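Note sheet for the following structure.
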Amino acid sequence: MKRRIFDEEHEMFRDSVRSFMQNEIRPHSERWEREGIVDREAFLKAGEMGFLLMWADEKYGGAGVEDFRYEQVLIEENAWHGDAGFFITLHSRLVGPYIGELGTEEQKQRWLPKCITGEYILAVAMSEPGAGSDVAGIRTRAEDRGDHYLLNGSKTYISNGINADLVVVAARTDPENPYGLSLLVVERGMEGFERGRNLDKMGLKSQDTAELFFNNVKVPKENLLGEFNRGFYHLMHFLAEERLLGSIGYLAASDAAFSLTMDYVTERKAFGKRIADFQNTRFKMADMRTEIDVGQAFIDQCVIEHNLGTLTPENAAKAKLYTSELECRVMDECVQLHGGAGYMTEYPICRMFLNARVSRIYAGSSEIMREIIARSVGLDPRRKDSDKRAGRRASAA
Ligand SMILES: Cc1cc2nc3c(=O)[nH]c(=O)nc-3n(C[C@H](O)[C@H](O)[C@H](O)COP(=O)(O)OP(=O)(O)OC[C@H]3O[C@@H](n4cnc5c(N)ncnc54)[C@H](O)[C@@H]3O)c2cc1C
């Protein structure tokens, strides 16, 4: 599909990102998958290219890029030519803004420059063995001890968990209030901060998704990010952008899988003709092309809205729900069209299928997205019937 929302400068930027991904990332992909982790050097090299935290102010070493389309280009090129487990966007655009938007001037000066060069790698730790979708169920506890918070608890499924130098940790600071959380920055080397297993996953093999443990970690007061006891609301504030970031990647991965499959079905023959010549194949390809293009129009619109500051949480939820479900359908069809080859890990489509499965689970599962969307159309079980009717009228208006 002809992309309407990019101009010449974005395309020039795309060329440089593509060659970076092709030369510096993709060649290491198989080794990283075997080792279960991306080299730290990948972040340093991305930093040299100016690809990390591009939004950050020049005084910290950033490029001051406010146009979200550049981040969209980065995500798309990583999906097409980089490595699905290279979580450059989680570092730059998901966790970085916690420091950029919530941090004090002193914190920004202390942390941002090294995040921009790639010397520091970032992670965010909300999920726990007993709390994933239900953020208000977080048990990790931080007690006020005068000049520091005493942090105790554990986190799991944390992306960049082994590589991370700074981890934004959501901890309970008000035991009486389910939403009484605060965000603390835990730094590599703090006493009592330990990493557990680098978890063995179905896909995203090169991504270091890990357990983290905090045993009486003394986190200095200067490492409180944002307002004390307002952590829950800070986390919610960043979720719309997080979901849009994900959606861009899920759709780009679907598009890349479509392209791979086009190559395969036009090459491979059965019963004396190309797989592409069976009506079933042509119709499946037509359906996928349609859904990807229609999805792309919505995502591009969300990007424009995000640039204007008007992207709503419900539209971000729709974007995430649609693209993650589509990605899984597309990967499944593409594996099917590859036949037995699609089941072999040496074929990229097999790994893409396995990578895709988590898209419907993390960053808010499909069920949670449906909850958000249902509430936005007035279907909120916590409200009275009369309120529901009013909501329906409002959403129809
Ligand atoms: C590869 C990977 C990377 C991750 N990276 C990070 C990270 O960097 N940082 C971080 O903090 N977390 C991370 N996570 C955790 C992720 O965000 C959670 O796994 C996700 O939010 C789901 O939580 P859960 O696993 O506890 O599932 P649960 O919340 O236990 O959900 C189990 C099932 O119940 C459904 N369910 C739950 N609540 C409802 C409801 N109200 N209505 C209907 N259905 C519901 C869910 O949709 C799901 O199908 C990662 C997870 C994975 C797998």
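The values are calculated or read from the model by the stated rules, or taken from the named source; none is laboratory data. Just so it is clear, the structure is predicted and the values come from calculations on it, not from any experiment. All Cβ positions, glycine included, derive from the backbone under ideal geometry; neighbour counts span all protein chains shown. Each accessible area value is taken on the protein alone, full model and side chains, heavy atoms only, with ligands, DNA and RNA left out. Shrake-Rupley method; radii C 1.70, N 1.55, O 1.52, S 1.80 Å.
Residue-normalised convex hull volume from the C-alpha trace of the range 123-229: 93 Å³ per residue. Computed over protein heavy atoms with a 1.4 Å probe, the accessible surface of the range 1-148 works out to 46 Å² per residue. With all pairs of separate Cα atoms included, the chain yields a Kirkwood hydrodynamic radius of 22.2 Å. Label point of Ile361 set 7 angstrom out along Cα-Cβ; within the range 18-44, amide nitrogens under 20 Å from it belong to 33-38.
Please report the accessible area of Asp39 (heavy atoms, 1.4 Å probe, ligands and nucleic acids excluded) in Å², nearest 10. My reading of the accessible area for Asp39 is about 40 Å².
Solvent-accessible area of the chain (1.4 angstrom probe, protein heavy atoms only): carbon and sulfur portion equals 51 percent. Candidate cross-link partners of Lys318 among the aspartates and glutamates, defined by an alpha-carbon separation under 12 Å and a same-chain spacing of 8 or more, comprise Glu367, Glu371. Rounded to whole Å, the principal axis extents of the Cα atoms in the range 63-147 read 45, 33, 22, largest first.
Projecting label points 7 angstrom from Cα along Cα→Cβ for Arg329 and Glu105 puts them 5.2 nm apart. Between Asn152 and Tyr233, the FRET efficiency estimated from the beta carbon spacing at R0 = 22 angstrom works out to 0.40. Translational diffusion coefficient of the range 8-120 (Stokes-Einstein, Kirkwood radius from Cα pairs, 25 °C, 0.890 mPa s): 172 µm²/s. Using the Cα coordinates of the range 233-396, the gyration tensor eigenvalues translate into equivalent-ellipsoid semi-axes of 36, 16, 14 Å, sorted from longest to shortest. Under a Gaussian network description of the chain, with springs only between Cα atoms under 10 Å, the residue in Ala256, Ala374, Ala56 that fluctuates furthest is Ala374. Taking the empirical scaling 2.2 N^0.38 Å for compact globular proteins as reference, the range 1-42 has a Cα radius of gyration ratio of 1.57. In the elastic network of the chain, a GNM with C-alpha springs shorter than 10 Å, the most mobile of Leu181, Leu74, Leu150 is Leu150. Using a cut-off of 26 Å between Cα atoms, the listed pairs Lys205/Lys284; Lys45/Lys108; Lys108/Lys221 include Lys205/Lys284 as exceeding that distance. For the pair Glu314 and Glu35, the difference between a 0.36 nm per residue extended length and the Cα-Cα distance amounts to 96.6 nm. Springs between Cα atoms under 10 Å define the GNM used for the chain, and in it the highest mean-square fluctuation of Arg360, Arg197, Arg382 occurs at Arg382.
For the pair Asp67 and Asp174, what calculated FRET efficiency results from E = 1/(1 + (r/R0)^6), where r is the Cβ-Cβ distance and R0 = 45 Å, to the nearest 0.05? Here the calculated transfer efficiency is 0.70. Candidates Leu212, Thr323, Gln72 compared by Cα position along the dipole of the chain: farthest toward the positive end lies Thr323, with charges placed on Cβ. Mean silhouette area of the range 202-254, derived from the convex hull of its C-alpha atoms and averaged over all directions, reads 6.2 nm².
Estimated from the Cβ-Cβ distance and a Förster radius of 41 angstrom, the FRET efficiency linking Asn280 and Arg26 is about 0.80. Accessible area per residue was computed with a 1.4 Å probe on protein heavy atoms; Glu305 scores about 40 Å².
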